[in-house]
């Protein structure tokens, strides 16, 4: 769980020839100016921040190289390191270690992938899991959603949609460019028939797990909030049932919601 610092923007589609042209321009710029920029960066970092400043500068470069490798080697890594249904490498905003950690957490690494992860753990314990990046830009493999965690007498409010067998914590997907608080208030008003009080909305945490009823390798990043409300709870829109669930009902909810149940139970908030 981690707070998001900025709102990411989706990719803009471009013509393939433009992509090729920009690729060659970037290579030329790197070869002609990269060395001078690197040398200047070393002296600038030492002068401004000493040895610590130099270390931070080198770390930034290392992360950028890791992100480049995630794109450059995506097809090979997808073939060798992950099995069926794994989270794919290739997000330009993500490091190799982050994608490796997501697959380790979901159990979709191949033997080769587990061996590489073990080597990294020997150097830096829990390296890939600690490298999972919750700030990366949206992609086809990550669905962003919001949920309202409403607790009462050790129980959590749940709902079931038309044609669904699983229960879900009330909420839904965020629309493009829609602020999370606005998305949360819209979804809850549509589904529960109540109005969330804006000043009372508080982030509980962000949970990530395989998305329910989606293609293999798709994750849902669930931002959970608590809030007071006005009105009377009642099923609305596609919601057919409202229920109060306990931790013993964990198996009835989606994978991401199960993580929320675990968190609340560990905190003593869910019986």
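Overview of results
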quantity	calculated
Members of the stretch 218-245 found to be assigned to a loop (DSSP other than H, G, I, E, B), more than 20 Å from residue 174 (Cβ to Cβ) and in contact with a helix residue (DSSP H, G or I) (Cβ under 9 Å, 6 or more places away or on another chain), listed by number	228, 231, 233, 234, 235
Residue in the stretch 208-217 that is in contact (Cβ under 8 Å) with a residue 24 or more places away in the chain and in contact with a helix residue (DSSP H, G or I) (Cβ under 6 Å, 6 or more places away or on another chain) present	yes
Single match in 239, 206, 201 (criterion: over 21 Å from residue 253 (Cα atoms) and touching a strand residue (DSSP E or B) at 6+ places or on another chain (Cβ under 6 Å))	201
Residue in the stretch 232-245 that is farthest from residue 185 (Cα to Cα), counting only those that are surrounded by 15 or more Cβ atoms within 10 Å (Cβ to Cβ) and in contact (Cβ under 8 Å) with a residue 60 or more places away in the chain	245
Selected residue (only one of 103, 91, 126 is under 30 Å from residue 270 (Cβ atoms) and within 16 Å of the chain's Cα centre (by Cα))	103
Contacts under 6 angstrom Cβ, first residue in the stretch 12-41 being assigned to a helix (DSSP H, G or I), partner surrounded by 10 or more Cβ atoms within 10 Å (Cβ to Cβ), 6 or more apart	41/57
Check on residue 157, over 18 Å from residue 251 (Cα atoms) and modelled with pLDDT of 90 or more	no
Residue match in the stretch 185-194 (condition: part of a strand (DSSP E or B), in contact (Cβ under 8 Å) with a residue 40 or more places away in the chain and out of contact with any helix residue (DSSP H, G or I) (no Cβ under 7 Å at 6 or more places or on another chain))	no
Verdict on residue 101 being free of Cβ contacts under 8 Å to residues at least 60 places away in the same chain and surrounded by 14 or more Cβ atoms within 10 Å (Cβ to Cβ)	yes
Top-ranked residue of the stretch 144-182 - restricted to ones that are in a loop (DSSP other than H, G, I, E, B) and surrounded by 16 or more Cβ atoms within 10 Å (Cβ to Cβ), ranked as nearest to the chain's Cα centre (by Cα)	174
Residue in the stretch 30-41 that is surrounded by 14 or more Cβ atoms within 10 Å (Cβ to Cβ) and either modelled with pLDDT of 85 or more or closer than 30 Å to residue 224 by Cβ (or both) present	yes
In the stretch 216-231, residue surrounded by the fewest Cβ atoms within 10 Å (Cβ to Cβ) [restricted to those that are modelled with pLDDT under 95 and at negative phi]	216
Tally, over the stretch 248-271, of residues that are within 25 Å of residue 200 (Cβ to Cβ) and not in a strand (DSSP E or B)	15
Any hit, the stretch 252-269, residues being more than 30 Å from residue 133 (Cβ to Cβ) and touching a strand residue (DSSP E or B) at 6+ places or on another chain (Cβ under 8 Å)	yes
Residue among 49, 53 that is surrounded by 14 or more Cβ atoms within 10 Å (Cβ to Cβ), part of a helix (DSSP H, G or I), assigned by TED's automatic domain parsing to the domain that holds residue 100 and more than 21 Å from the chain's Cα centre (by Cα)	53
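The values are calculated or read from the model by the stated rules, or taken from the named source; none is laboratory data. Everything quoted here is computed from the prediction, not taken from an experiment. For neighbour counting, all protein chains shown are included, and Cβ atoms are generated from backbone atoms with ideal geometry for every residue, glycine included.
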